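J.: Quick one: the structure is below, questions incoming.
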Amino acid sequence: MNRDDVLLEVTDLRKVFSVPSGWGKRNREVTAVDGISFRVRRGETWGLIGESGSGKTTTGRMILGLETPTSGSIRFNGEELTGVSRERLRQLRQKIQVVFQDSGSAFNPRLPVGAQVGAPLRRFGLCTGAEAKDKAVDLMEKVGLESSHYDRYIHEFSGGQRQRLGIARALTTDPEFLVLDEPTAALDVSVQAQVLNLLKDLQDERGLTMLLITHHLALVEHMCDSAGVLHHGSFAEQGPVDVLLRTPESAITSALLEAVLEPQAAS
């Protein structure tokens, strides 16, 4: 793989948490992520697969700068992210964004959603208030919502619409890289397919690179070019998705395959 083609490079990443053991006892150490390495090429979707407790969410949080690695390296576009200043991390938020499992919970229930979609533009000084509104409306329409939704509140939207709002807000700063943390886990199957197809269309249109964090291999098959299967903080295996699904080498991948429920195609 040509290094110029790599947008995200994770090397020997490790995270150890100190967990209280009770009164008068020493804290015990729990290793959540244990020396993993992978590369994500520009324009691809890379799947980070694992059951609950496998370390996938902790890995995503370290990439986003929400957790500090115990050791290892995270390089984005050639720049080392571990140990960067708060100000530089804030600047990088323009290029690295996240869509959470329940995007609705990230919206303030007391404020109209449109202003919140456009908030990153004002926060980063990318445009004036009036321009931010125009761009927010444009993005909301781009993800399948209507301009009339701008002044509504988050409780007025369905689960699928909330995810679309989360995607719109993540795209506001024109990022290069999206972390998708179980983005459809709270949705029913037909709405899952609609949201995933929207993300694929936006990726093609904008040249986005994405990291999909999930426990669901069917979503990885639908979305990803390459993937890694995490188990107890380490990779059981990784490689092109078609190879992983056709000829799994680990028991954990085989078990995940057996649990697959194929998503229905969106009409």
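The values are calculated or read from the model by the stated rules, or taken from the named source; none is laboratory data. None of these values were measured; they are calculated from a predicted model. Methodologically, a virtual Cβ is constructed for each residue, glycine included, from the backbone with ideal geometry; neighbour enumeration extends over all protein chains shown. Side chains included, ligands, DNA and RNA excluded: accessible areas come from the protein's heavy atoms. Shrake-Rupley method; radii C 1.70, N 1.55, O 1.52, S 1.80 Å.
J.: Restricting attention to segment 134-184, report how many residues are surrounded by fewer than 20 Cβ atoms within 10 Å (Cβ to Cβ) and β-branched (Val, Ile, Thr).
T.: 1
J.: Could you run through segment 198-230 and say how many residues are under 18 Å from Val243 (Cβ atoms), open to solvent by 60 Å² or more (accessible area, probe 1.4 Å) and outside any helix (DSSP H, G or I)?
T.: Within segment 198-230, residues that are under 18 Å from Val243 (Cβ atoms), open to solvent by 60 Å² or more (accessible area, probe 1.4 Å) and outside any helix (DSSP H, G or I) number 1.
J.: Can you tell me which residues in segment 141-198 are free of Cβ contacts under 8 Å to residues at least 40 places away in the same chain and hydrophobic (A, V, I, L, M, F, W, C)?
T.: Answer for segment 141-198, where residues must be free of Cβ contacts under 8 Å to residues at least 40 places away in the same chain and hydrophobic (A, V, I, L, M, F, W, C): Leu145, Leu187, Val191, Val195.
J.: Test each condition in (1) under 25 Å from Phe124 (Cβ atoms); (2) open to solvent by 70 Å² or more (accessible area, probe 1.4 Å); (3) modelled with pLDDT of 95 or more; (4) among the charged types (D, E, K, R) for Glu80 and report the one that comes out false.
T.: Looking at each condition in turn, Glu80 falls short on (2).
J.: Here's a follow-up. For segment 121-133, how many residues meet the condition of being in contact (Cβ under 8 Å) with a residue 12 or more places away in the chain and open to solvent by 10 Å² or more (accessible area, probe 1.4 Å)?
T.: 3
J.: Another question, then. For a quick check of your reading of the model, give me the residue pairs whose first member lies in segment 68-97 and is touching a residue at least 12 places away in the same chain (Cβ under 8 Å), whose second is basic (Lys, Arg) and open to solvent by less than 40 Å² (accessible area, probe 1.4 Å), with beta-carbon atoms closer than 8 Å and at least 6 apart or on different chains.
T.: Note: pairs meeting the criteria are Pro69/Lys15; Thr70/Lys15.
J.: Kindly establish whether Lys135 is over 19 Å from Asp181 (Cβ atoms), modelled with pLDDT of 90 or more and among the basic types (Lys, Arg).
T.: Against the criterion (over 19 Å from Asp181 (Cβ atoms), modelled with pLDDT of 90 or more and among the basic types (Lys, Arg)), Lys135 qualifies.
J.: Between Gly22, Gly53, Gly43, which is assigned to a loop (DSSP other than H, G, I, E, B), touching a Gly at 6+ places or on another chain (Cβ under 7 Å), of a type outside the set (Lys, Arg) and open to solvent by 10 Å² or more (accessible area, probe 1.4 Å)?
T.: After applying the criteria, what remains is Gly43.
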